[in-house]
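Sharing a structure with you now.
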Ligand code: HXC
């Protein structure tokens, strides 16, 4: 054959492989509102940047007549490309081919591209649309998942790992994402579960739909398994592009610096956001926007454990991770879920050299039987651990309440914040004035001629003495009490001078955090 004929032959082979599960299966995929695996990759990456590998890999299943079946690309596309000019490794499972199920060679394609990502030190993005371990390939499918999980763990904290759930994902198809840094879901399209409704019905006799069991809203609002929720696949890809603009390409780098931009102070004014009455709530996200470049804030886990807010923004062009109590929800308390949410994010930022900015306004850890029995001690300790362990620049601003364990946990001086600033509205004490007065002045209040009057007097006395930032400042626990309008100014300076911060920790193989 001439070169020309061989090239025509190549094109023919490619054409066959590129058909995926065929027109009928593709039609079915489209009817459920889903893009095909290839369309997804093309939509996410820079235009014309996708290079595909292992297109001609064939499955190795022999049982249950599998040897008679042709599964194009073995149900997964792998390759490299760029996002905003930066290289990434990517794979996308093709549900039109045997339900995107993972057989031995399918897994080999994924682990090969993961190994590339680790060698090249670039992010790995996995688009999951799969019924999990390919049943016909038995233990070889399980082996495939084991190899992926092992690599997910080795890559953790070295390169960013991003998972997109774009279909009904079962078994191993959700455990690999659970080991990665960020999980994206799309309304009505994403479903995640270990065992699907059929198995639940057989084993437990319980009936539930896929959507109710593990739909996108369940994962983004109830379980916290998903970090980002989108209404459509297109919106999801835009979210991913935005996320990667804030993070470094691997753990030896810093996030790319962007041109400096001022906050949109016409829309976000601290004076009008922050209430005069200390009992009133406010949306801490507006404070973040009031101090961040272009008032641009990418919130993570927006729909889950909303009593704490986490996400990325920029200060003078530099990426920072914000952790902020949210007075709008449960007065911003730390509880089981918000502790989990904050602690993992703090560890992410620390692993990837992203400075942390903590905004404090909380009455403490949430009291209650439910919380105690749900393990608030263990979960709450994660926050203490994560902040104490972190060596990236740590800047804290106490806006209002900083009581009890909450004061210590929210990146206090004692957990080695580099700079702690407090607004004059800060109240730093063991507990709130009402509770404190009731306990320490109990006898005076009970024995007073007018107990209510006495209670008010004692609360006022306590407030004057402790509910302010000056006692903490007198001990040097607060570095500066600042005018709220100067917050951005102080933070940018602190970030600038912390650029080359180095802090060591005792040698250890690894710590044993309370997870
Ligand atoms: C082989 C599979 C498959 C699987 C789906 N298919 N899952 N083939 N192994 N695991 C095939 C179907 O036979 C069908 O083939 C095609 O994919 C489309 O599947 P449908 O069932 O028609 O689609 P849908 O109704 O949308 O349901 C999707 C689904 C369901 C919810 C994912 O297929 C399902 O429940 N699959 C099994 C899920 C599961 O239990 N997986 C094993 C998990 S255990 P045809 O030829 O008809 O088009 C696991 C182990 C690892 O992963 C655990 C690690 C901790």
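Being surrounded by fewer than 16 Cβ atoms within 10 Å (Cβ to Cβ), within 14 Å of the ligand (Cβ to nearest atom), within 27 Å of residue 71 (Cα to Cα) and in contact (Cβ under 8 Å) with a residue 12 or more places away in the chain is the requirement here; does residue 138 meet it?
Values: surrounded by fewer than 16 Cβ atoms within 10 Å (Cβ to Cβ): yes; within 14 Å of the ligand (Cβ to nearest atom): yes; within 27 Å of residue 71 (Cα to Cα): yes; in contact (Cβ under 8 Å) with a residue 12 or more places away in the chain: yes.
It is true that residue 138 is surrounded by fewer than 16 Cβ atoms within 10 Å (Cβ to Cβ), within 14 Å of the ligand (Cβ to nearest atom), within 27 Å of residue 71 (Cα to Cα) and in contact (Cβ under 8 Å) with a residue 12 or more places away in the chain.
Residue by residue, here is whether (1) touching a helix residue (DSSP H, G or I) at 6+ places or on another chain (Cβ under 8 Å); (2) assigned to a strand (DSSP E or B); (3) more than 9 Å from the ligand (Cβ to nearest atom) holds:
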{"site": "130", "(1), (2), (3)": "yes, no, no"}
{"site": "150", "(1), (2), (3)": "no, no, yes"}
{"site": "153", "(1), (2), (3)": "no, no, yes"}
{"site": "159", "(1), (2), (3)": "yes, no, yes"}
{"site": "162", "(1), (2), (3)": "yes, yes, yes"}
{"site": "173", "(1), (2), (3)": "yes, no, no"}
{"site": "180", "(1), (2), (3)": "yes, no, yes"}
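Tally time: how many residues in region 70-91 are within 16 Å of the ligand (Cβ to nearest atom) and within 26 Å of the chain's Cα centre (by Cα)? Break it down stepwise before answering.
So in region 70-91, the residues within 16 Å of the ligand (Cβ to nearest atom) come out as 70-76.
Now restrict to residues that are within 26 Å of the chain's Cα centre (by Cα): 76.
Number of matching residues: 1.
Which strands (runs of 3 or more DSSP E) sit wholly inside region 1-113 and have at least 1 residues that are out of contact with any strand residue (DSSP E or B) (no Cβ under 8 Å at 6 or more places or on another chain)?
Working: elements: 51-53, 76-83, 86-93.
Of the strands (runs of 3 or more DSSP E) lying wholly inside region 1-113, those with at least 1 residues that are out of contact with any strand residue (DSSP E or B) (no Cβ under 8 Å at 6 or more places or on another chain) span 76-83, 86-93.
Among the residues of region 15-29, write down those that are away from the ligand (no atom under 13 Å from the Cβ), surrounded by 13 or more Cβ atoms within 10 Å (Cβ to Cβ) and farther than 15 Å from residue 69 by Cβ. Even if it seems obvious, please write down each step before you answer.
Taking region 15-29 and keeping what is away from the ligand (no atom under 13 Å from the Cβ), we get 15-19, 23.
Still in the list and also surrounded by 13 or more Cβ atoms within 10 Å (Cβ to Cβ): 17-19.
Matches in region 15-29: 18 only.
While we're on this one: Under 8 Å between Cβ atoms, which residue pairs at least 6 apart in sequence (or on different chains) link something in region 182-195 that is touching a residue at least 24 places away in the same chain (Cβ under 8 Å) and farther than 15 Å from residue 126 by Cα with a partner that is part of a loop (DSSP other than H, G, I, E, B) and more than 15 Å from the ligand (Cβ to nearest atom)?
187/231; 187/232
Looking for something away from the ligand (no atom under 15 Å from the Cβ) and within 22 Å of residue 350 (Cβ to Cβ) - is there at least one such residue anywhere in region 206-225?
Looking through region 206-225, at least one residue is away from the ligand (no atom under 15 Å from the Cβ) and within 22 Å of residue 350 (Cβ to Cβ).
Also, quick follow-up: I'm trying to understand the selection: among the residues of region 363-409, which are in a loop (DSSP other than H, G, I, E, B) and under 15 Å from residue 340 (Cβ atoms)? Show your work before the answer.
Step one: list which residues in region 363-409 are in a loop (DSSP other than H, G, I, E, B), which gives 363-364, 366-368, 374-375, 390-393.
Hits for region 363-409 are 366, 374, 375.
Condition first: on the phi > 0 side of the Ramachandran plot and surrounded by 18 or more Cβ atoms within 10 Å (Cβ to Cβ). Now tell me which residues in region 358-388 satisfy that.
Initially, region 358-388 is screened for residues on the phi > 0 side of the Ramachandran plot, giving 364, 368, 375.
Hit for region 358-388 is 364, nothing else.
Go through (1) closer than 16 Å to residue 37 by Cα; (2) in contact with a helix residue (DSSP H, G or I) (Cβ under 9 Å, 6 or more places away or on another chain) for residue 51 and report which single condition fails.
Among (1) closer than 16 Å to residue 37 by Cα; (2) in contact with a helix residue (DSSP H, G or I) (Cβ under 9 Å, 6 or more places away or on another chain), residue 51 violates only (2).
Just need a number here: residues in region 96-121 that are crowded, with 22+ Cβ neighbours inside 10 Å, more than 14 Å from residue 78 (Cβ to Cβ) and in contact with a helix residue (DSSP H, G or I) (Cβ under 6 Å, 6 or more places away or on another chain).
So the count comes out to 3.
Taking residue 145 and the conditions (1) within 21 Å of the chain's Cα centre (by Cα); (2) at pLDDT 95 or above; (3) within 7 Å of the ligand (Cβ to nearest atom), which numbered condition does it fall short on, given that it satisfies the others?
All conditions pass for residue 145, except number (1).
The values are calculated or read from the model by the stated rules, or taken from the named source; none is laboratory data. What you are looking at is a predicted structure, and each value in this text was computed from that prediction instead of being measured. In this analysis, Cβ positions are derived from the backbone assuming ideal geometry, glycine residues included, and neighbour counts consider all displayed protein chains.
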